[in-house]
Amino acid sequence: MSSPAREGARGPALGRVAEEQAAAALAAEGWEILGLRQRTPAGEIDLIAERGGLLAFVEVKRRSSLIAAAQALGPRQRRRILAAAADWLAQNPERGRAGIRFDVMIVDAAGRLRRIADAFREEEG
């Protein structure tokens, strides 16, 4: 069993693995991956994917359990994601013609992955 300090030191690498796992899962469902770790002036977006004109901005959270991962996205992060999405959309106005949503993909230590589709909305920021 790893210590919290050791887990924290590996956190960024484990997060990248979780983001790549999430991107692969979305691609397998027919989503086009438009961006992975996309940087904007307002912050980073973990994943941007589109399917049938529906654009999804996806935050990936990896924690020891799915419950812990699901609880890891706070209001400040939601506001950052919303602002980053607005920046990205300003540069890519042709995207999201069928709608836009904000998803969260959660990953646990065993690599289990779940998607929370339409996890939050702009007015909840």
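Stretching Arg51 away from Ala13 to a fully extended chain increases their span by 10.9 nm, per 0.36 nm per residue minus the current alpha-carbon distance. Shown here: Rg and Dmax of the Cα atoms in Å, derived from the displayed model; of the candidates (i) 14.3, 48; (ii) 13.8, 40; (iii) 16.7, 51, it corresponds to (i). Between Glu29 and Ala98, the modelled labels are 1.3 nm apart [label points 7 Å from Cα along Cα→Cβ].
The dipole here belongs to the chain: it is taken about the Cα centre, uses +1 on the Cβ of Lys and Arg and -1 on the Cβ of Asp and Glu, and is about 380 debye.
Of the residues Glu29, Glu94, Glu50, Glu59, the one with the fewest other Cβ atoms within 10 Å heads the list, and the complete ranking is Glu94, Glu29, Glu50, Glu59. Of the beta bridges in the chain, as assigned by DSSP with both residues counted there, near 65 percent are antiparallel.
Between Val58, Val17, Val107, the GNM of the chain built on Cα springs shorter than 10 angstrom shows Val17 fluctuating the most. In percent, rounded to a whole number, the relative contact order of region 74-125 is 36, using alpha-carbon pairs under 8 Å and six or more apart.
Mean separation of Cα pairs under 8 Å and 6 or more residues apart, divided by the residue count, gives the chain a relative contact order of 24 percent. For the chain, the longest principal axis of the alpha carbon atoms and the long axis of helix 4-28 meet at an angle near 40°.
Helix 75-91 and the longest principal axis of the C-alpha atoms of the chain enclose an angle of approximately 40°.
Each reported figure results from applying straightforward, stated rules to the coordinates on display, with no laboratory input. This one's a predicted model, so the numbers in the text were calculated from it and none came from an experiment. Virtual Cβ from ideal backbone geometry, glycine too; neighbours counted across all protein chains shown.
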